[in-house]
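I have placed the structure first, in the form of structure tokens, so that the comments after it can refer back to it.
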């Protein structure tokens, strides 16, 4: 026995699945001045809605709400079931502070307090 689903029903199922992913995802990708919702994110890439998102390429920033997670260099992989998949060529975790160029011991004082007579 074979299962056959018409193209119209398949498109409606994909649209419902994508709408559910968009509703639950807080992740977004920024490309220039534009922001697009990320449907799924994994170690090597992410997906966005293919219908409403233009072709992305190059350096992008990934956010979870207002928190900057990664700065990534991406390439387009393939479109499948209404989702466009992108792969990371490079993914760098964003940090709140500048990196130190020296070793800081774990027991180092945070600040030096002055003493006046």
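The distance separating the Cα centre of segment 44-101 from that of segment 16-35 comes to 11 Å.
As a test of the formula, what do you get for the chain when each DSSP H run with n ≥ 4 contributes -39,500 (n - 2.57) and the sum is divided by the residue count, at 222 nm and rounded to the nearest 500 deg cm²/dmol?
After summing the helix terms and dividing by the residues of the chain, the value is -5000 deg cm²/dmol.
Take every pair of alpha-carbon atoms less than 8 Å apart whose residues are at least six positions apart; their mean separation over the length of segment 26-93 yields a relative contact order of 29 percent. Compared with the dominant principal axis of the Cα atoms in the chain, helix 7-24 is inclined by about 20°. I need to check one value: relative contact order of the chain, counting alpha carbon pairs closer than 8 Å and at least 6 residues apart, in percent. Normalised by residue count, the contact order of the chain is 18 percent. Short to long, the 10 Å bins of the Cα pair-distance histogram for segment 26-93 hold 22, 63, 15 percent of all pairs. Here the Kirkwood formula, the inverse mean of 1/r across different C-alpha pairs, assigns the chain a hydrodynamic radius of 17.2 Å.
The numbers here are math on the coordinates, done by the rules we state, and not lab data. Bear in mind that the values here come from a model prediction, so they are computed numbers and not experimental data.
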